[in-house]
Amino acid sequence: MAMNIQNILSANAKSMRRSAIRDLLSVANRPEVISFAGGFPNPATFPVEDLKVIMQEVLEQESTSALQYGPTEGNAKLRELLAQRYKAQGLDINKDNILITTSSQQAIDLVTKTFIDPGDTLICGLPSYLGALQAFWSYQAKPIGITKDEELEVVVKALIGSGKKPKFIYAIPDFQNPSGITMNVKQRKDVLAVAKKYDLLVIEDSPYRELRFEGEEMPMMYSMDNERVILMGTFSKTFLPGFRLGWIIAPTNIIDRLIVAKQSTDLCAPVFDQAVAARYLEKGLFDKNLKTTIDMYRGKRNHMISCFEKYMPKGVKWTTPEGGLFLFVTLPEGYDATDLFNVAIKEDVAFVIGEAFHCDGSGKNTMRINFSFMNEERTEEGVKRLAKAISKMFESEPKPETPTTF
């Protein structure tokens, strides 16, 4: 008889939820499908020739350390170089404020693991990054989602009044995944004011910040309050996703706790990858390649927006992000993107259902679209197919009547 592991699963394991994105990718992996579902950087941005040289240098000059176990906190040179970059952007930090992680996804997991007890609440956006929601749920947290129009302090006061004070506020201030929107200075100040008033941490998840195409750069929340903000960054969107390198910037008393949490997880982030990344930064190649990447992604966003304007049926709305990798698309109220996905996949086009990014199950009429990966021809064809699928759904399901209110 096969063993029934359900009877011995931990409460944490039972709280884990599958990634809707990963499941959708498995459905949409046929070569004929044009997929806007993944959050993939474009492979043309990968600096392969530069890496060949740097990797050879590391193997010749640093093999003893680069191929060995490393310190949990990460490569000292890499941390120092990152600290210098952030100092130039207004942060008062040094390398001791930085912990290198195995991707920013691990950073989210470590912070959640360190601060969340089963049943704890936290505040996040509606919508919010699915990978973060998965981490929160896996530690039996209860994320409370709020829209950009809701009053944060009202929600926090209500939770405190009911004995469920949130542990932290989770935000993606720049080119949010999935919405693509950016918080303005006032919104950042308001979040920090509430956090300070009610003694809450703020988790500033910042994977896309350096991918700005246009508009005014906003100050990092960490630069506005370096006592209660935990900042997360990554090379996955700006350098190489396959290196799986991210980092946490926080006060040293928090970093010390996170180092202990990381030791029981993986001991240290990939050591060779850190050595390569440090040399890449030190040679000035990161900034050179980043400029090329930004120019490419600006063009890809503009092309996708022009395709939406050309082909989308009336009633469909979308965001126009100033950076990042994603558009967020909204269907008229009453339509369900899950129903649309079933139609779209028959048209050989895929996206991520927006409901997956809403911790309360809302957002059923929304979807996330990636614009960084496909070439222009495939993008235009994919938007045509998606517009056709939406039109088919509109024809088969007339817009639901909006209830009259008195």
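Values quoted throughout were computed directly from the atomic coordinates according to the rules given, and no laboratory measurement underlies them. What you see is a predicted model; the values in this text were computed from it and never measured. As a convention, Cβ positions derive from the backbone with ideal geometry for all residues, glycine included, and neighbour counts pool all protein chains shown.
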Pair T320, E80: separation of 7 Å Cα→Cβ label points (nm)
4.6
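Arrange S10, S103, S19 by Cβ neighbour counts within 10 Å, fewest through most, would you?
Working: S10 9, S103 22, S19 14.
Taking fewest neighbouring Cβ atoms as first place, the list is S10, S19, S103.
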Distance in nm between pseudo-label sites at D96 and Q263 (7 Å out along the Cβ direction from Cα):
1.8
Sites K148 and M296 - FRET efficiency at Förster radius 25 Å, r taken between beta-carbons, to 0.05:
0.30
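Run the dipole for the chain about the Cα centre, Lys and Arg Cβ at +1, Asp and Glu Cβ at -1, nothing else charged, and hand back the magnitude in debye, nearest 20. Display every interim value, and only then the final one.
On the way: 49 positive and 51 negative charges, 72 e Å.
Computed about the Cα centre, the dipole is about 340 debye.
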Using the basic label-point model (7 angstrom from Cα toward the beta carbon), what is the S306 to A11 distance in nanometres?
5.6
Out of L126, L281, L78, a Gaussian network model of the chain with alpha-carbon springs under 10 Å gives the largest mean-square fluctuation to L281
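Restricting the count to DSSP beta bridges whose residues both fall in the chain, what percent are antiparallel, rounded to a multiple of 5? Could you put the intermediate results ahead of the total?
Numbers: 18 of 34 bridges.
Of the beta bridges lying entirely in the chain, close to 55 percent run antiparallel.
Per residue of the chain, what 222 nm ellipticity follows from adding -39500 (n - 2.57) for every DSSP H run with n ≥ 4, rounded to the nearest 500? Walk me through the intermediate numbers first.
On the way: 15 runs with 172 residues, N = 406.
When only DSSP H runs of four or more count, the value is -13000 deg cm²/dmol.
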Nearest-20 debye value, region 64-284 charge dipole, Cβ charges on Lys, Arg, Asp, Glu
180
Any chymotrypsin sites (Phe, Trp or Tyr not before Pro) in region 9-115 that lie in a DSSP loop and have at most 16 other Cβ atoms within 10 Å would be Y69
Could you pull out the longest piece of the chain with no exposed loop GluC sites (Glu not before Pro) in it, calling a site exposed if DSSP puts it outside H, G, I, E, B and it has at most 14 other Cβ atoms within 10 Å?
33-149
In region 182-274 the DSSP beta bridges are antiparallel at a rate, in percent to nearest 5, of 50
Choose one of L82, I345, L159: the residue whose Cα lies farthest towards the positive end of the charge dipole of the chain (beta-carbon charges +1 Lys, Arg; -1 Asp, Glu; about the Cα centre).
L159
May I have the extent of the alpha carbons of the chain along their three principal axes, as whole Å values ordered from largest to smallest?
65, 62, 55
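Rounded to the nearest 5, what % of the DSSP beta bridges within region 64-284 are antiparallel ones? All intermediate terms of the calculation are to be shown ahead of the outcome.
On the way: 8 of 22 bridges.
If we restrict to bridges inside region 64-284, about 35 percent are antiparallel.
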One checks the Cα atoms of region 64-284 and finds Rg and Dmax, in Å, of 17.0, 56
How high is the relative contact order of region 64-284, in percent, counting Cα pairs under 8 Å that sit 6 or more residues apart?
29
Report the gain in length on full extension from D256 to K283: 0.36 nm times residue separation, minus Cα-Cα distance, nm rounded to one decimal.
6.7 nm
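Restricting attention to region 125-228, which chymotrypsin sites (Phe, Trp or Tyr not before Pro) occupy a DSSP loop and are surrounded by at most 16 other Cβ atoms within 10 Å?
Numbers: sites: Y129, F136, W137, Y139, F168, Y170, F175, Y198, Y208, F213, Y222; in loops: Y129, Y139, F175, Y198, Y208, F213.
Loop-located and lightly packed - Y198.
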